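Q: One structure, pasted below without further comment.
The values are calculated or read from the model by the stated rules, or taken from the named source; none is laboratory data. All values reported here derive from a predicted model rather than from experimental measurement. Because the Cβ atoms are built from the backbone with ideal geometry, glycine has one as well, and the counts that use them run over all protein chains shown.
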Amino acid sequence: MRKGNPLVTLISVFSILLASLGVMEIAQAQAWPTKPIKFIVPYPPGGGTDIIARIMQEPLSQVLGQQIIIDNRGGAGGSIGTDIVAKSTPDGYSVLFTLSSHTINPAIYPKLAFDTEKDFLPVSLVASLPQILVANPNFPAKTVKEVIEMAKSKPDAVSYASVGNGSPGHLAGAMMASSAGVAMMHIPYRGGGPAITDVIAGQVPLLWVSIPAAANYVKTGKLNALAVSTVKRSPIFPDAPTMVELGFKDYEVDSWYAMFVPAGTPQATVDTLYKATVQVLADPAVKEKLLGQGAEAVGSSPAQLGAIVKAELVKWKKVAKQASIKAE
């Protein structure tokens, strides 16, 4: 019996092993998910990010065939929960469900424990909506004009809350003060829920926050709506003027919610989650629930979300520098 070349035989065996491993990786990726998926929301329960995540939770679980668990990890303007995902195993079972502070934080925090672009893969944009300026009903200023007049007469005496440093609400308030040439004190919270509680209690008079977090309280009269941050009025609060209408030129802070996974997650897994998300967002019932919170269902490809992240990192760096916005 003729013996083969040992080197050729070894190479052949090695090639077969590599091919087998490749098939196994593909099979594993295609099988995803095989166990519950954790959505890490880097803000406490009750805020806008948490509300939008929970609207997506059940229908997305049904499409993917696995339970989705919401894990709230608030703190540091969303940076704590974001860092947890950045350091998670890249297998698709730890998903960052966050808002547009994801692209704001790098502009105002001197050093983050993660790289916003390199440590994450974009999955899909979920929804977009305005920030809304709300006030305690007992606060004397009933309009933005009156707020500014009060701030001019009593420098640093007027304060506003937000869901945290680097949040869209933080920028909305800082841009308002900067554009009007007044000094206002920013009070950062660990999320929309705690911030709203204190504004209703009268601890802080004003709050810039995403509409889902404040919607029910405005509707029941526990908070007064003074303005929205987008160039168009909100369909659920059509009486609240835009800041542009009130004379704040080029004023726009558009909040969005999106999903990211750790860098290194298999592309097949990213694509499966993206397609399932788009399918859920096309459901009229889901669209209606989001709209009820003042949010517009979006759904984007990973590439489209990646382009948004890249563009906004540049945009918010410029805005933060011009308005001297820094994390307190």
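Q: Go through (1) surrounded by fewer than 18 Cβ atoms within 10 Å (Cβ to Cβ); (2) at pLDDT 95 or above; (3) of a type outside the set (S, T, N, Q) one by one and return the number of the condition Ala183 breaks.
A: (2)
Q: Within the group Val319, Val280, Val309, which residue is surrounded by 15 or more Cβ atoms within 10 Å (Cβ to Cβ) and touching a strand residue (DSSP E or B) at 6+ places or on another chain (Cβ under 7 Å)?
A: Numbers: Val319 fails: touching a strand residue (DSSP E or B) at 6+ places or on another chain (Cβ under 7 Å); Val280 fails: touching a strand residue (DSSP E or B) at 6+ places or on another chain (Cβ under 7 Å).
Just one listed residue meets the conditions, Val309.
Q: Another question about this same structure. When you look at Gly221, is it assigned by TED's automatic domain parsing to the domain that holds Ala180, touching a Pro at 6+ places or on another chain (Cβ under 8 Å) and in a loop (DSSP other than H, G, I, E, B), yes or no?
A: Numbers: assigned by TED's automatic domain parsing to the domain that holds Ala180: yes; touching a Pro at 6+ places or on another chain (Cβ under 8 Å): yes; in a loop (DSSP other than H, G, I, E, B): yes.
The answer is yes for Gly221.
Q: Which of the following residues is among the small types (Gly, Ala, Ser) and either more than 15 Å from Ala327 (Cβ to Cβ) or modelled with pLDDT of 95 or more (or both): Gly77, Gly81? Don't jump to the end; show me each part of the working.
A: Working: Gly77 fails: either more than 15 Å from Ala327 (Cβ to Cβ) or modelled with pLDDT of 95 or more (or both).
Going through Gly77, Gly81 in turn, just one is among the small types (Gly, Ala, Ser) and either more than 15 Å from Ala327 (Cβ to Cβ) or modelled with pLDDT of 95 or more (or both): Gly81.
Q: What's the number of the condition Trp316 fails, among (1) assigned to a loop (DSSP other than H, G, I, E, B); (2) within 16 Å of the chain's Cα centre (by Cα); (3) farther than 30 Å from Pro33 by Cβ?
A: Trp316 satisfies all of (1) assigned to a loop (DSSP other than H, G, I, E, B); (2) within 16 Å of the chain's Cα centre (by Cα); (3) farther than 30 Å from Pro33 by Cβ except (1).
Q: Same structure again: Do we find a residue being under 22 Å from Leu246 (Cβ atoms), assigned to a helix (DSSP H, G or I) and not assigned by TED's automatic domain parsing to the domain that holds Lys111 anywhere in region 200-207?
A: Initially, region 200-207 is screened for residues under 22 Å from Leu246 (Cβ atoms), giving 204-207.
Checking the rest, the ones that are also assigned to a helix (DSSP H, G or I) come to none.
No, every residue in region 200-207 fails to be under 22 Å from Leu246 (Cβ atoms), assigned to a helix (DSSP H, G or I) and not assigned by TED's automatic domain parsing to the domain that holds Lys111.
Q: Could you list all residues from region 175-223 that are closer than 20 Å to Leu99 by Cα and of a type in the set (Val, Ile, Thr)?
A: Passing the criteria: Ile187, Ile196, Val209, Ile211.
Q: Might you check whether a residue that is modelled with pLDDT of 95 or more, in a loop (DSSP other than H, G, I, E, B), surrounded by fewer than 18 Cβ atoms within 10 Å (Cβ to Cβ) and hydroxyl-bearing (Ser, Thr, Tyr) occurs anywhere in region 258-268? Show your work before the answer.
A: First, pick out the residues of region 258-268 that are modelled with pLDDT of 95 or more: 258-268.
Those left that are additionally in a loop (DSSP other than H, G, I, E, B): 263-266.
From the residues that got through so far, the ones that are surrounded by fewer than 18 Cβ atoms within 10 Å (Cβ to Cβ) too are 263-264.
The next check asks that each one be hydroxyl-bearing (Ser, Thr, Tyr); those that pass are none.
No, region 258-268 contains no residue that is modelled with pLDDT of 95 or more, in a loop (DSSP other than H, G, I, E, B), surrounded by fewer than 18 Cβ atoms within 10 Å (Cβ to Cβ) and hydroxyl-bearing (Ser, Thr, Tyr).
Q: Based on what the data block shows, is Met243 outside the structural domain of Ala76 (by TED's automatic domain parsing) and in contact (Cβ under 8 Å) with a residue 24 or more places away in the chain?
A: Working: outside the structural domain of Ala76 (by TED's automatic domain parsing): yes; in contact (Cβ under 8 Å) with a residue 24 or more places away in the chain: yes.
Yes.
Q: Among the candidates Val278, Val231, Val261, single out the residue that is of a type in the set (Val, Ile, Thr) and within 27 Å of Ala177 (Cα to Cα). If you could, list the steps in order and put the result at the bottom.
A: Working: Val278 fails: within 27 Å of Ala177 (Cα to Cα); Val261 fails: within 27 Å of Ala177 (Cα to Cα).
Exactly one of Val278, Val231, Val261 is of a type in the set (Val, Ile, Thr) and within 27 Å of Ala177 (Cα to Cα), namely Val231.
Q: Look through Ser94, Ser101 and report the one residue that is crowded, with 19+ Cβ neighbours inside 10 Å, in contact with a Gly (Cβ under 7 Å, 6 or more places away or on another chain) and among the small types (Gly, Ala, Ser). Give the derivation first.
A: Working: Ser94 fails: in contact with a Gly (Cβ under 7 Å, 6 or more places away or on another chain).
On inspection, the qualifying residue turns out to be Ser101.
Q: If you don't mind, there's one more thing I want to ask. Which one is modelled with the highest pLDDT, of the residues in region 100-158 that are of a type in the set (Gly, Ala, Ser), part of a loop (DSSP other than H, G, I, E, B) and closer than 30 Å to Asp239 by Cβ? Talk me through it step by step, then tell me what you get.
A: Taking region 100-158 as the starting set, the residues that turn out to be of a type in the set (Gly, Ala, Ser) are 100-101, 107, 113, 124, 127-128, 135, 141, 151, 153, 157.
From what's left, part of a loop (DSSP other than H, G, I, E, B): 100, 113, 141, 157.
Those still in the list that are closer than 30 Å to Asp239 by Cβ too: 100, 141, 157.
On the way: Ser100: 92, Ala141: 96, Ala157: 84.
Once the filter is applied, the top-ranked residue is Ala141.
Q: Looking for something out of contact with any helix residue (DSSP H, G or I) (no Cβ under 8 Å at 6 or more places or on another chain) and either more than 17 Å from Asn136 (Cα to Cα) or of a type in the set (Ser, Thr, Tyr) (or both) - is there at least one such residue anywhere in region 213-222?
A: Yes, region 213-222 contains at least one residue that is out of contact with any helix residue (DSSP H, G or I) (no Cβ under 8 Å at 6 or more places or on another chain) and either more than 17 Å from Asn136 (Cα to Cα) or of a type in the set (Ser, Thr, Tyr) (or both).
Q: Kindly list, by first and then second residue, each pair from a residue in region 136-154 that is on the phi < 0 side of the Ramachandran plot to a residue that is at pLDDT 95 or above and of a type in the set (D, E, K, R), limited to pairs with Cβ atoms under 9 Å and residues at least 6 apart or on different chains.
A: From residues that are on the phi < 0 side of the Ramachandran plot, the pairs are Asn136/Lys222; Pro137/Lys222; Pro140/Glu146; Ala141/Glu149.
Q: Right, something else. Quick one: how many residues across region 123-177 are out of contact with any helix residue (DSSP H, G or I) (no Cβ under 9 Å at 6 or more places or on another chain) and surrounded by 24 or more Cβ atoms within 10 Å (Cβ to Cβ)?
A: 2
Q: Look through Ala327, Ala320 and report the one residue that is in contact with a Phe, Trp or Tyr (Cβ under 8 Å, 6 or more places away or on another chain), more than 30 Å from Glu58 (Cα to Cα) and of a type in the set (A, V, I, L, M, F, W, C). Please lay out each step first, then the result.
A: Details: Ala320 fails: in contact with a Phe, Trp or Tyr (Cβ under 8 Å, 6 or more places away or on another chain).
The unique qualifying residue is Ala327.
Q: Is there a residue in region 52-70 that is out of contact with any Phe, Trp or Tyr (no Cβ under 6 Å at 6 or more places or on another chain), closer than 18 Å to Asn165 by Cα and in contact (Cβ under 8 Å) with a residue 40 or more places away in the chain? Outline the logic, then answer.
A: Filtering region 52-70 for residues out of contact with any Phe, Trp or Tyr (no Cβ under 6 Å at 6 or more places or on another chain) gives 54-67, 69.
After this cut, where a residue has to be closer than 18 Å to Asn165 by Cα as well, the list is none.
Within region 52-70, not a single residue is out of contact with any Phe, Trp or Tyr (no Cβ under 6 Å at 6 or more places or on another chain), closer than 18 Å to Asn165 by Cα and in contact (Cβ under 8 Å) with a residue 40 or more places away in the chain.
Q: Which residue pairs have Cβ atoms under 9 Å apart, sit 6 or more places apart or on different chains, and have a first residue in region 273-285 that is under 13 Å from Met56 (Cβ atoms) and a second that is part of a helix (DSSP H, G or I) and of a type in the set (D, E, K, R)?
A: Going by the 9 Å Cβ cut-off, the qualifying pairs are Leu281/Lys287.
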